[in-house]
Amino acid sequence: MCGIVGCIGKNHGREYIISGLKTLDYRGYDSAGIAFSKNNSIEVYKDAGSVEHLDSLIPEKEDGKVIIGHTRWATHGKPNKTNSHPHFSYDQEFVIVHNGIVENIGELKEFLSKKGIKFVSDTDTEAIASLIAFEYKNEKDVLKAIRKSMEQIHGSYAIGLIHRGEDRLYVMKNASPLIIGLGDGFNLIASDASPMIEFTNKFIELEDKEYGFIDATDFSLFDMHGRAVSKELISKNADLIRHDLNGYEHFMLKEIEEIPSVISRLVNHYASDGEYKFDKELIKKIKGADHIIFLACGTSYHASLVGGRYFESLLGIPTTSYIASEWAFHPMLPGKKPFIIFISQSGETADLIHCLKIVKKSNHDTLIITNTNGSTLDRGCKYSLNVQAGVEVSVASTKAYSAQVALLLLLVGAVKEDPSIVKDIMGSLPIIDFIKKDKKQIIKAVATQIKDHKSLFYIGRGYDYFLSMEASLKLKEISYIHSEAIAGGELKHGPIALIEQGTPVIVFITDKVTAASMRSNIEEVKSRGANVFVISTKELSKNTDTIVIKDYPSYISSIIVSSVAFYLAYFTSLLKGYNVDKPRNLAKSVTVE
Ligand code: G6P
């Protein structure tokens with residue numbers, strides 16, 4: 001979603017902000033802006049459109065001592081120049097960038113309006129700036145004005161704020177991430193570490209309800225009692241953070257091809273030397289649970305379905321996977337001792353954060369499986385496991401999905417105390433590599449055949465059905481072809497009515513138990529004219545199958561065959577000439593409900 005970058009005392013500050021905004025653009029945005037402050041002047045440039053467009057609006061010589069930049073994903077108000085950040089306060093003394101959503105915006109605006117304050121934009125952000133400016137008039141102290149404002153603002157915010165004439169960059173945070181990067185003679189802020197990692201590996205993560213400021217050489221942070229808080233310096237694994245195409249044309253392709261290295265890093269992290277390395281207390285808690293509840297969205301929800309099947313079939317623990325946004329309206333916690341697992345690549349998905357707030361009203365244990373240390377869900381859940389995928393830039397999630405599934409399986413292996421699971425996961429690596437080396441051409445040929453269709457179907461049963469769901473989502477996300485995943489047995493209950501001459505139907509057959517039923521499904525759709533593409537494993541294959549993959553234990557199918565689905569979505573989007581990494585209307589991290 002929105003992204004914040006800021007700096008103070010940095011040479012070539014403007015370049016840092018522009019490249020930082022580009023680094024954050026994977027989060028998705030529709031407008032961008034920058035404020036430059038030096039001495040007593042503040043210049044703001046902003047508009048709807050890209051960071052490149054913004055850069056073209058800024059005079060070449062423009063620079064500042066304190067600079068804040070923002071990429072906006074519209075929530076309150078249309079994506080246009082007026083609503084873009086930064087926003088001035090009503091008296092032009094403060095300028096602000098903000099990520100998040102103010103929940104009591106109506107109340108705040110009414111309060112300020114009664115004081116005669118007018119608004120030029122439709123945003124909640126402008127009201128925050130004006131509230132701080134209003135409080136400053138009484139307090140004559142920016143930190144006190146910020147604290148008083150924070151007492152009145154309900155909702156999520158990560159904020160960078162400049163006060164005219166001051167060489168300070170103020171920060172405040174609640175339920176939206178904000179990180180400070182400490183440099184040598186300069187300091188930085190950003191929504192995540194990625195724009196800063198080239199310049200420092202010393203980070204400070206703000207906690208909720210903390211505020212303060214950075215100057216060029218130091219930082220000060222305070223709690224809601226106005227007491228200074230001491231903070232720990234954090235360093236990050238630069239390789240996992242850096243956004244680098246590494247010679248690839250698109251992040252999506254790079255990320256698909258990273259899957260084997262991600263999985264071996266994951267195994268090394270959680271099960272090195274044939275021994276599981278999970279927190280013993282976590283394993284004990286899972287063993288003691290009578291029901292595992294998964295909460296997730298999108299691709300992560302699909303991973304939860306596979307994970308749920310692992311818990312049920314390998315451990316005999318019943319599970320329920322819920323779509324977070326649905327569950328929140330009808331919260332159910334089945335079982336007497338449920339254990340709740342959140343899955344989120346970003347750790348910032350608003351639908352899930354909402355669920356966490358609900359879950360926290362009970363006393364049940366929570367685990368987050370995420371790719372983002374320090375994210376809201378990472379900090380909010382009792383236990384946290386990182387999927388070790390490294391930053392995922394492409395909006396369509398690929399390596400994070402494979403890593404989520406592999407991690408869930410490792411977790412089950414640890415509870416079961418079964419080392420053969422580690423061996424099976426490691427066995428997937430050469431097969432994924434084989435898909436990359438030997439199958440890309442044929443997958444591309446399939447993409448050529450489906451790319452001009454308006455609609456298609458994926459079908460499968462069991463693990464292959466879960467895989468179909470993910471394959472279908474991936475394809476629709478980036479190729480804009482209507483795609484639906486159907487459980488093989490459900491075809492006859494409705495969807496088969498849609499099959500006509502030439503309808504593409506992509507079938508996964510990787511499980512002995514369901515293979516025969518799937519072959520019958522193929523006959524059903526073929527006889528109605530479907531153009532069938534079968535992806536099967538060798539022992540279950542027929543001569544006519546489109547893509548045949550080496551054999552492996554069928555329960556790891558989602559880790560392996562997902563690569564085929566990812567390549568197919570990738571090539572289809574590419575052949576249609578779409579922006580693979582940044583599909584229309586979608587954002588990497590959806591921080592609004
Ligand atoms: C967005 C992304 C999806 C992702 C979903 C859940 O919609 O576009 O690719 O699967 O959010 O994200 P999360 O970060 O919670 O896994």
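One table, with the values for the structure above:
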| quantity | calculated |
| --- | --- |
| Å³ per residue enclosed by the Cα convex hull of segment 190-306 | 216 Å³ |
| Highest to lowest packing among 173-179, 575-581, scored as the average C-beta count within 10 Å | 173-179, 575-581 |
| Cβ crowding within 10 Å averaged over residues, with 25-36, 284-295 ranked highest first | 25-36, 284-295 |
| Coarse-grained scattering of the chain at q = 0.08 Å⁻¹, given as base-10 log I(q)/I(0) from a Debye sum over alpha-carbon atoms | -0.58 |
| Computed [θ] at 222 nm, helices only, for the chain once each DSSP H run of length n ≥ 4 contributes -39500 (n - 2.57) | -11000 deg cm²/dmol |
| Compactness relative to 2.2 N^0.38 Å, alpha carbon Rg of segment 288-354 | 1.05 |
| Cα convex hull of segment 270-382 - mean projected area over all directions, nm² | 7.0 nm² |
| Compactness relative to 2.2 N^0.38 Å, alpha carbon Rg of segment 55-112 | 1.34 |
| Distance-filtered residues of segment 391-411 - backbone nitrogen under 12 Å, label point 7 angstrom along Leu314 Cα→Cβ | 405-411 |
| Helix 350-359 vs. the chain, principal-axis angle (Cα, 0 to 90°, nearest 10) | 90 degrees |
| Considering only the chain, percent of DSSP beta bridges that pair antiparallel, nearest 5 | 60 percent |
| Ordering of 7-16, 214-223, 273-282 by packing [mean C-beta count within 10 Å, highest first] | 7-16, 214-223, 273-282 |
| Separation between Cα centres of segment 499-542 and segment 18-73, rounded to whole Å | 51 Å |
| Tensor-based shape of segment 330-376 (alpha-carbon gyration tensor, a/c under 1.5 rounded, otherwise prolate or oblate) | prolate |
| Violating pairs (Cα-Cα greater than 27 angstrom) within the set Lys61/Lys173; Lys115/Lys231; Lys78/Lys118; Lys277/Lys476; Lys61/Lys254; Lys440/Lys474 | Lys61/Lys173; Lys115/Lys231; Lys277/Lys476; Lys61/Lys254 |
| Gap separating the Cα centres of segment 257-300 and segment 191-214, nearest whole Å | 28 Å |
| Residue-by-residue Karplus 3J(HN,Hα) for segment 472-485, coefficients 6.51, -1.76, 1.60, Hz, glycine and proline x | 5, 4, 4, 5, 5, 4, 10, 10, 6, 8, 5, 9, 10, 9 |
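A short reminder: the numbers here are calculations on the coordinates, not readings from a lab. Just so you know, these numbers come straight off a predicted model, no measurement behind them. Glycine also receives a Cβ, built like all others from the backbone with ideal geometry; neighbour counts cover every protein chain displayed.
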